Amino acid sequence: MLNEFVERVLVHEGVGRGKIRRQRVDIHLNFIGAFELPADFITPMEIEEQRQREKEQWENDRLISERTRERYERRKQEKREFTARLQAGLLTPEELEAHEQRKAHSRAWQKEWREKRKAIMPPNPPKPPKQPSKRSIIQAIVDRKNEGISLTPEETEIYAAYREKENTKARKRRERIKANTPPKLPKPKPPTKKERMHDIAHGLERGLLLQPKKPKHTPCIVKNATQHTQNGVIPKPQATPKGLLLQIFKNA
């Protein structure tokens, strides 16, 4: 009797494995076609099954995470011990050979990966030509000016602006140095010859005795240049009062 109401049955491919495997079956009835229950209609049995599946999934995820963590910590500890033994030189020849083989395999794999990535990636665009800097342009213009080469009007304007800038910097530097330097004391002005003669004449009028000034080169009069003392030094001649007065006026 049921076969009279069923038109056909469609069985879809299953999804998942084990307890979480699910497979859809579509039943097409006569006169009404495929009949599906509303999406919001869930039986208590389905709610319990869903809760049980979520609990089992959470437990499986927790176990997988713990095992992965334990495996990572174990491999990390083994690497620490191997590195310590390698640094201490306690590895056997077989272990050293295996270590070198692993390093060579790793280098070859990395090289192959870089080559594959380089083949997949598009080539880098060519770099644009490097533009000369403003400083290099100004230096070239200054060198041409120093060599006596004629400049274009644009280069002449650039050179004039450069010289104006350098002059401004030099002027500010001189002003800064001048502001930081303490002022110099005025030098004492030596008396003139006329003032010294006036002082000597005024002193003679008041009856003051003149003090002979020791000249830089004392004149000596030697009667006989071949006359020497026992020590080999020529004796100094005695100057007369007239000679002293003439020397004073001459030095004044």
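In table form, for the structure just shown:
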item: GluC sites (Glu not before Pro) lying in DSSP loop within segment 31-137, provided at most 16 other Cβ fall within 10 Å; result: Glu36
item: Net charge over other residues, Cβ less than 13 angstrom from the Cβ of Arg62 (K, R count +1; D, E count -1); result: -3
item: Extension gain, Ile27 back to Glu81 (0.36 nm per residue minus Cα-Cα distance, nm); result: 13.1 nm
item: Estimated distance in nm for a label pair at Lys55 and Tyr72, the labels positioned 7 Å out from Cα along Cα-to-Cβ; result: 2.9 nm
item: Asn146-Ala88 pseudo-label distance in nm [points 7 Å out on the Cα-to-Cβ vector]; result: 6.8 nm
item: Arg174 paired with Lys130, simple spin-label distance in nm, labels 7 Å along Cα-to-beta-carbon; result: 3.8 nm
item: Links that overshoot a 32 Å alpha carbon limit, given the list Lys130/Lys169; Lys76/Lys116; Lys169/Lys189; Lys79/Lys111; result: Lys169/Lys189
item: Sparsely packed trypsin sites (Lys or Arg not before Pro) within segment 1-70, loop by DSSP, other Cβ within 10 Å at most 14; result: Arg17, Arg21, Arg24
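Rule-based calculations on the coordinates, nothing more; no lab input. As the structure is a computational prediction, the values presented were derived from the model and not from experiment. Don't worry about glycine lacking a Cβ; one is built from the backbone with ideal geometry, like all the others, and counts go over all protein chains shown.
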